[in-house]
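The values are calculated or read from the model by the stated rules, or taken from the named source; none is laboratory data. Since this is a predicted model, take the numbers as computed values, not measurements. Reconstructed Cβ throughout: ideal geometry from the backbone, glycine too, with neighbour counts over all protein chains shown. All accessible areas refer to the heavy atoms of the entire protein, side chains included, with ligands and DNA or RNA removed. Shrake-Rupley method; radii C 1.70, N 1.55, O 1.52, S 1.80 Å.
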Amino acid sequence: MTQTTPSLPSNSNASSLSKVRVFVRRRSKRPKTTSLALQQHDLQPPTRDDHYKRSSFPEIEDFAYSGANAITQSSKSEMGLDVTLVESEAASTRPTGELPAHWERVLEGIRRMRCSAEAPVDTMGCEKAGDTLPPKERRFAVLVSSLLSSQTKDHVTHGAIQRLLENGLLTPDAINNADEETIKKMLYPVGFYTRKATNLKKIANICLTKYDGDIPSTIEQLLLLPGIGPKMAHLVMNVGWNNVQGICVDTHVHRICNRLGWVSRPGTKQKTRTPEETREALQRWLPKEEWVPINPLLVGFGQTICTPLRPRCGECGISDLCPSAFKEASNSSPSSKPKKSGPNKKR
DNA sequence: TTCCGGAACC
DNA sequence: GGTTCGGGAA
């Protein structure tokens, strides 16, 4: 059925079809002005209802998002850090209301902080590898990188990808024929490399038998792959297919959006409990042109300032706009963390 | 010892 | 929702 063809949702209406399939219309750097954002909004009248409609049904929208080419560009351009004027112009004409207060100022403030300091994250994680490969092989490289990158430092992932590449093991066919022990050695010391080696063999086989050696092109199909969950599925769609179906929400995006009060459980003011809940809540209001850059932006912010434990609110340029500022660091028990019993138990 | 750019299984 | 899977760096 729709297995090997790029996403063409069966429920898409006629008006959206014209926009589907505009993959990689431009691989060049994001414009240095707001033109992209403004152009996208010009596609349809920027009314409030319309905005919500688009956000609620992202699957029938398919902008060719030039910012998704994380493969060839530096991280700063990915996050729009070289964009001096980002949202303010477009936002000034945009209705407020259910949008979080001052969200543009918050985003701008985070961009500024990220400009002035380096963070461990350098791209959307892992998918630089393969940027010189033909499209089909590059997509597979992106998929494999995503699989390996979970719970793994970026440079470690990159090393494993390099080893696979140098040994000709970065194609579905090669991996399918390779010994699992061999794969395992190539992956080490990637996190959970044993499980990932097993999953990688299965994934290669699925790509060969069901997708003609390519990777799945829809979120639903990607989620059927072992080891690929929501976070990585959206990453692969964004980067592999340049097809923004949803926001790639990891633990940093999840944590920070809740601290900022940007998301909540539907109909309540409670924090979201899972990254998936955060993704759905965030997609309800965040303009689509921010869906891709929000990830590297908040990941870097989360690694350097808005850390899980003891966030550095004193160094944060938007603490005056953050409802959670100075609420976690100052009080509560600094040393004793309840957590679980852990490996502490002696025999 | 603690802390991780998740996902699967219980 | 709680655990487990790995290893490395702080």
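Looking at this structure, is A:Gln270 open to solvent by 10 Å² or more (accessible area, probe 1.4 Å), out of contact with any Leu (no Cβ under 6 Å at 6 or more places or on another chain) and in contact (Cβ under 8 Å) with a residue 60 or more places away in the chain? It is false that A:Gln270 is open to solvent by 10 Å² or more (accessible area, probe 1.4 Å), out of contact with any Leu (no Cβ under 6 Å at 6 or more places or on another chain) and in contact (Cβ under 8 Å) with a residue 60 or more places away in the chain. Taking the criterion of being assigned to a loop (DSSP other than H, G, I, E, B), crowded, with 19+ Cβ neighbours inside 10 Å and touching a Pro at 6+ places or on another chain (Cβ under 9 Å), the only residue of region A:141-172 that qualifies is A:Thr152. Which of (1) open to solvent by 30 Å² or more (accessible area, probe 1.4 Å); (2) within 13 Å of DNA strand B (Cβ to nearest atom) is the odd one out, the single condition A:Thr209 does not satisfy? Among (1) open to solvent by 30 Å² or more (accessible area, probe 1.4 Å); (2) within 13 Å of DNA strand B (Cβ to nearest atom), A:Thr209 violates only (2). When the helices (runs of 4 or more DSSP H) confined to region A:196-314 are screened for residues that are within 20 Å of A:His102 (Cα to Cα), those reaching at least 2 such residues are found at A:251-259, A:275-283, A:294-304.
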